[in-house]
Amino acid sequence: MLTLNKDQGDQHMRIFSSLARKLIHADFRERLRQAEDEAAVITMLREELAL
């Protein structure tokens, strides 16, 4: 998710910016903590960040 090719330009900055805004919210952080495993975290982040 964090590795992008040169054709994706500054998309990584949009991803980090969106993630930073989400991390402000306690409910988002709690859902991350409650994720059962790494795959669940990745799925949640893909959905939340529209990846």
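All of the numbers you see were taken from the coordinates with simple rules; none came from a lab. Note that this is a predicted model, so its numbers are computed, not measured. Cβ coordinates were reconstructed from backbone atoms using ideal geometry, including for glycine residues, and neighbour counts include every protein chain displayed.
Taking Cβ atoms as reference points and 13 Å as the exclusive limit, the residues near residue 51 contribute a net charge of +1, counting Lys and Arg as +1 and Asp and Glu as -1.
Charge tally around residue 19: other residues with Cβ under 12 Å, Lys/Arg +1 each, Asp/Glu -1 each, net +4.
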